[in-house]
Amino acid sequence: MKKIVVIPGDGIGKEITDSAVAVLKKIDEKFKIGLEFEYHDAGGASYDKYGEPLTAETLDACKAADAVLFGAVGGPKWDNIEVSKRPEKALFGLRKGLGLYGNLRPVKIYDALIDGSPLKKEIVAGADILIVRELVGGIYFGPRCESEFVDGVERAFDTEVYSVPEIERIARLAFESARKRRKKVTSVDKANVLASSRLWRRVVNEISKEYDDIELNHLYVDNCSAQLAIKPTQFDVVLSSNMFSDILSDEFAAIGGSLGLLPSISIGGITNLAEAISGSAPDIAGKGIANPIGEILSAALLLRYSLKNENAAQAIESAVDKTLADGYRTADIYKDGLNRVNTVEMTNAIIDRI
Ligand code: IPM
Ligand code: MN
């Protein structure tokens, strides 16, 4: 048996993990993997029950599992609680606790959705990008101060810190990933201003010597965000720090027409964790209208990276392709004349096509 820990979390997390689990059950029927699902709480849901966003029990269950399927955490209900108890802490606790230093976010432009892109068709057509995000370092985890007074003036700070080994391992992951793709890495930093970026660039250059089959270029993050709108097809693998990747990945995702389409998988540690990048979307939570595709494609990444089942992963990906080509659209990607469906209907349409 292969044990998958499912963490629905908050907001649309429950709806989209239900969808992904339904798809995985169909896959299991077809490919006889022997999947076993075990549910655990995290985020606001866990805080409400146990007073902690991430319990040791949940973390231990993830460590013992073959893979983790994660929904989303956070919402306005928990906006004003103590910082150390915020729902997002669950995600950071899992990423750090499982040692997941690399997060892969593939951005694909579906032919069927190209008209839904905010970019012109001729600019976005053919864009196919893999964001490799450093996930357990940088400003997300550096020393910080919520509030201090200096000469009577209140201030706060966060710190971007990267060590050589942290940069080396994520750079290797980017080069290895590029080897399986179009053999190009764009490393994104702010080396004209930040010391941590200058170290980043130096180490990435050093590691690139081990990969002379891979083309490497560097972009400043401000220029990268412009280049994305101007010519997204220039990118293959995009490598960046925790925060720059976080910001860029939403922009990259948006060119595909919806944040709800994008999957991700966090790797490099004890147990991989798959999650849609859409977040908890509290405004639409519980309405049954969320787009489940990002989470369903995350389940495909889970099959590919954790269970090493490429055929099963592709079965999901091509079913999603077909479903979109057949005109099924959740509200976020709906266009006149197409088949408007809710979360469950979209999920069933995908299952029918597996
Ligand atoms: C993401 C999310 C998280 C992040 C939030 C929910 C803390 O935006 O995975 O991209 O910033 O890492
Ligand atoms: Mn984000």
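The values are calculated or read from the model by the stated rules, or taken from the named source; none is laboratory data. Computed from a predicted structure; not experimentally measured. With ideal geometry, Cβ positions are generated from the backbone for all residues, glycine too; neighbour counts draw on all protein chains shown. Keep in mind that these areas ignore ligands, DNA and RNA; they rest on the heavy atoms of the full protein, side chains included. Shrake-Rupley method; radii C 1.70, N 1.55, O 1.52, S 1.80 Å.
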Could you give me the ³J(HN,Hα) list for segment 17-32, computed from phi with Karplus coefficients 6.51, -1.76, 1.60 and θ = phi - 60°, whole Hz, x at Gly and Pro? 6, 4, 4, 5, 5, 4, 5, 5, 5, 5, 4, 5, 4, 7, 9, 6
For residue 85, give me every one of the aspartates and glutamates with a C-alpha distance below 12 angstrom, ignoring sequence neighbours fewer than eight places off in its own chain. 48, 52
Under 21 Å from the Cα of residue 120, which lysines turn up, not counting those fewer than eight places away in the same chain? 108, 231, 335
With θ taken as phi - 60° and the coefficients 6.51, -1.76 and 1.60, list the Karplus ³J(HN,Hα) couplings across segment 231-236 in order, rounded to whole Hz; mark glycine and proline as x. 8, x, 6, 6, 9, 10
Solvent accessible area, Å² - residue 95, 1.4 Å probe, full protein context: 10
Computed helical MRE - 222 nm, the chain, DSSP H runs ≥ 4 contributing -39500 (n - 2.57), nearest 500: -12500 deg cm²/dmol
Please arrange 243, 346 by accessible surface area, largest first, computed with a 1.4 Å probe and ligands excluded. 243, 346
Sites matching GluC sites (Glu not before Pro) across segment 199-239 that sit in DSSP coil, with at most 14 neighbouring C-beta atoms within 10 Å: 210
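Of the accessible area of the chain, with the probe set at 1.4 angstrom, what percent is carbon plus sulfur?
That fraction is 51 percent.
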Mean separation of Cα contacts under 8 Å (6+ apart) over length of segment 118-256, as relative contact order %: 38
Enumerate the amide H contacts of residue 75 below 5 Å, restricted to partners 5 or more residues apart or on another chain; note that Pro and chain-start residues carry no placed amide H. none
At 1.4 Å probe size, put 198, 172 in order of accessible surface, largest to smallest. 198, 172
With a cut-off of 8 Å between alpha carbons and a minimum separation of six or more residues, what is the relative contact order of segment 209-354 in percent? 18
Once phi for every residue in segment 38-44 is put through the Karplus expression 6.51 cos²θ - 1.76 cosθ + 1.60 (θ = phi - 60°), the whole-Hz ³J(HN,Hα) values, with Gly and Pro written as x, are 10, 8, 9, 8, 7, x, x
The chain, accessible area per residue, ligands and nucleic acids excluded (1.4 Å, Å²): 42
Quick one: compute the contact order of the chain, relative version, from alpha carbon pairs under 8 angstrom and 6+ residues apart, as a percent. 22
Filtered hits (lysines, Cα-Cα < 17 Å from residue 89, offset >= 8 within chain) -> 49, 77
Suppose we keep just the alpha-carbon trace of the chain; what are its Rg and Dmax in angstrom? 20.0, 67
For residue 96, solvent-accessible area (1.4 Å; no DNA, RNA or ligand), Å²: 100
Give me the accessible area of residue 262, 1.4 Å probe, in Å² rounded to the nearest 10. 10
